[in-house]
Amino acid sequence: MLTIIWLRGLLGRRGGRLAAAALGITFAVALLVALGSFLGASKATMTKRAVEQVAVDWQVQAATGASPASVIATVKAGSPVTAALEVGYAATPGLTSTQGTTTLTTGTGVVLGLPAGYQAAFPGELRFLAGTRHDGVLLAQQTAANLHASVGGTITVARQGLAPVRVTVDDIVDLPQADSLFQKVGAVPGAQPQAPPDNVLLVPAAQWHKIFDPLAKTRPDLVQTQWHVRLTHALPADPAAAFTALTAQAGNAEARLAGAGLIGDNLGAALGAAREDALYAQVLFLFLGVPGALLAGVLTIMIAGSGAARRRREQALLRTRGAAARQVLTLAAAEALAAGLAGSVAGLSSEDRAFLKRHGVKRFCTPLYAAFTLPPRCQLGNWHFSQLDRALWRDISKIAGKRGRMIGRILGVARAS
């Protein structure tokens, strides 16, 4: 009861000074909220852009002798797969084109067998440059330049130990993501090819099987089957959390395959790069946000310290009238807590919910806490209010703690007098 009367008196007689102290805390918290909201939205944007730039999320390569249908069934059983198409890879000793009296032959190359609907399922993998059919024999731009070939031209495909076959070019295409398309699945980054092949031909899956199924019987090492997979992109907004979740899914899928196949995690590689950028953003947040919060805290201490003489007189009167030291401490703590709570609530209320929602961030995760580490359930895209309570009180104690220590020193002087 005494505490309530004391606070009412402070609000009535010293409301301006109490509001000034709370305002300093408000500025400190609001600064952290603004920077933290920007950091959260930036992370969400990094994750979104990393996902959008990947055409094929996973490349699942079936091991020699393994059934491709069994491999993809195992992957689908425990992974959020939205699209999966079988793609054939075959090595060729060379491609040949005859233009008038001139015959041009390339070095070794790769012939891909694309199923129907591949362009619709993975629109970022191919870019058509010439031709209008889009579902026939496709020749890579660099290969077309090497062979001086164009739409309607005839290409001879050599096969190791077998007679060559002839195909007619329907379209010229560019391969924007050739590095990942022709990666060595399962190899460490340092063991990947230095560059994708220069000579690439893409044919419909049925035609590819007709050409290379005989080669698979005599030289299975030259023919491979991959499943190109697109996943459900229900990932956390934070790149680090999304990377952890996705790599866990890929590891689980490889464990279930038990050697029957390998997974090339293109989406995980993109999120790994975004995660590094997000860590750099956290460091910038630390250097930008903490000094501003400390400055606001110093101003708050100065405002609170300007009333030290008044507090000494009030506390001396309380002791003269019989108030115990514990009661005096309780009243001083109530004053500090009132200013701290009012300032913190005002600062947190400055959060722009519409801005966060627009970037897929459900709630603001306490900036100082998020700048260093996030517990498994404290993610920007999966916030829990109980954690907000704990983090909020932790921030309040940090901001108001200095004022509490100052009040303790003042009380010590009052007791000594």
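The values are calculated or read from the model by the stated rules, or taken from the named source; none is laboratory data. It should be emphasised that the depicted structure is a prediction, and the values quoted were computed from it without experimental measurement. A quick note on method: Cβ atoms are made from the backbone with ideal geometry, for glycine too, and the neighbour counts reach across all protein chains shown.
Checking Thr106 against (1) under 19 Å from Asp174 (Cα atoms); (2) of a type in the set (S, T, N, Q); (3) under 29 Å from the mean Cα position of the chain (by Cα), which test does it fail?
With (1) under 19 Å from Asp174 (Cα atoms); (2) of a type in the set (S, T, N, Q); (3) under 29 Å from the mean Cα position of the chain (by Cα) applied to Thr106, the lone miss is (3).
Tally up the residues in the stretch 160-205 that are of a type in the set (A, V, I, L, M), surrounded by 12 or more Cβ atoms within 10 Å (Cβ to Cβ), assigned to a loop (DSSP other than H, G, I, E, B) and out of contact with any Asp or Glu (no Cβ under 9 Å at 6 or more places or on another chain), please.
Adding up the residues that qualify gives 3.
Residues of the stretch 218-235 being out of contact with any strand residue (DSSP E or B) (no Cβ under 7 Å at 6 or more places or on another chain) and either aliphatic (A, V, I, L, M) or not assigned by TED's automatic domain parsing to the domain that holds Val71 (or both), which ones?
Applying the first criterion (out of contact with any strand residue (DSSP E or B) (no Cβ under 7 Å at 6 or more places or on another chain)) to the stretch 218-235 yields 218-221, 233-235.
Within the stretch 218-235, Ala234, Leu235 meet the criteria.
Matching residues to (1) surrounded by fewer than 20 Cβ atoms within 10 Å (Cβ to Cβ); (2) more than 28 Å from the chain's Cα centre (by Cα); (3) of a type in the set (D, E, K, R):
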{"residue": "Gly24", "(1), (2), (3)": "no, yes, no"}
{"residue": "Val29", "(1), (2), (3)": "no, no, no"}
{"residue": "Val33", "(1), (2), (3)": "no, no, no"}
{"residue": "Ala41", "(1), (2), (3)": "no, no, no"}
{"residue": "Arg49", "(1), (2), (3)": "yes, no, yes"}
{"residue": "Val56", "(1), (2), (3)": "no, no, no"}
{"residue": "Gly65", "(1), (2), (3)": "yes, yes, no"}
{"residue": "Ala69", "(1), (2), (3)": "yes, yes, no"}
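Based on this model, can you work out whether Arg311 counts as under 27 Å from Leu181 (Cβ atoms) and at pLDDT below 90?
No; evaluated as a whole, the condition is false for this residue.
Ala44 - would you say it is of a type in the set (A, V, I, L, M) and assigned by TED's automatic domain parsing to the domain that holds Gly292? I'd like the intermediate steps shown before the answer.
Details: of a type in the set (A, V, I, L, M): yes; assigned by TED's automatic domain parsing to the domain that holds Gly292: yes.
It is true that Ala44 is of a type in the set (A, V, I, L, M) and assigned by TED's automatic domain parsing to the domain that holds Gly292.
Is it the case, given these coordinates, that Val188 is free of Cβ contacts under 8 Å to residues at least 60 places away in the same chain, more than 18 Å from Asp265 (Cβ to Cβ) and within 33 Å of the chain's Cα centre (by Cα)?
So Val188 fails the test.
Going by the structure shown, is Gly272 without any contact (Cβ under 8 Å) to a residue 60 or more places away in the chain and either surrounded by 18 or more Cβ atoms within 10 Å (Cβ to Cβ) or under 28 Å from Ser37 (Cα atoms) (or both)?
When the stated conditions are applied, Gly272 passes them.
Can you spot a residue in the stretch 234-242 that is over 13 Å from the mean Cα position of the chain (by Cα) and either surrounded by fewer than 17 Cβ atoms within 10 Å (Cβ to Cβ) or not small (Gly, Ala, Ser) (or both)?
So far as the stretch 234-242 goes, no, none of its residues is over 13 Å from the mean Cα position of the chain (by Cα) and either surrounded by fewer than 17 Cβ atoms within 10 Å (Cβ to Cβ) or not small (Gly, Ala, Ser) (or both).
Looking at the stretch 36-82 only, could you name the residues that are over 18 Å from Pro239 (Cα atoms) and of a type in the set (Lys, Arg)?
If the condition is that a residue be over 18 Å from Pro239 (Cα atoms) and of a type in the set (Lys, Arg), then Lys76 is the only one that fits.
Residues Leu215, Leu262: which one is in a strand (DSSP E or B), touching a strand residue (DSSP E or B) at 6+ places or on another chain (Cβ under 6 Å) and either assigned by TED's automatic domain parsing to the domain that holds Pro93 or hydroxyl-bearing (Ser, Thr, Tyr) (or both)?
None of the other options fit; the residue is Leu262.
Against the definition (out of contact with any Lys or Arg (no Cβ under 9 Å at 6 or more places or on another chain), within 18 Å of Ala90 (Cα to Cα) and crowded, with 19+ Cβ neighbours inside 10 Å), how does Gly109 come out, yes or no?
Working: out of contact with any Lys or Arg (no Cβ under 9 Å at 6 or more places or on another chain): yes; within 18 Å of Ala90 (Cα to Cα): yes; crowded, with 19+ Cβ neighbours inside 10 Å: yes.
The answer is yes for Gly109.
Report yes if some residue within the stretch 140-150 is under 25 Å from Ser97 (Cα atoms), touching a Phe, Trp or Tyr at 6+ places or on another chain (Cβ under 6 Å) and not in a helix (DSSP H, G or I); otherwise report no. Break it down into steps so the answer makes sense when it comes.
Within the stretch 140-150, the first condition is being under 25 Å from Ser97 (Cα atoms), and the residues that meet it are 140-150.
Remaining after also requiring touching a Phe, Trp or Tyr at 6+ places or on another chain (Cβ under 6 Å): none.
Within the stretch 140-150 (the criterion being under 25 Å from Ser97 (Cα atoms), touching a Phe, Trp or Tyr at 6+ places or on another chain (Cβ under 6 Å) and not in a helix (DSSP H, G or I)), the answer is no, since none of the residues qualifies.
Just checking, which of Ala77, Ala90 is among the hydrophobic types (A, V, I, L, M, F, W, C), surrounded by 15 or more Cβ atoms within 10 Å (Cβ to Cβ), modelled with pLDDT of 90 or more and in the same structural domain as Ala234 (by TED's automatic domain parsing)?
Ala90
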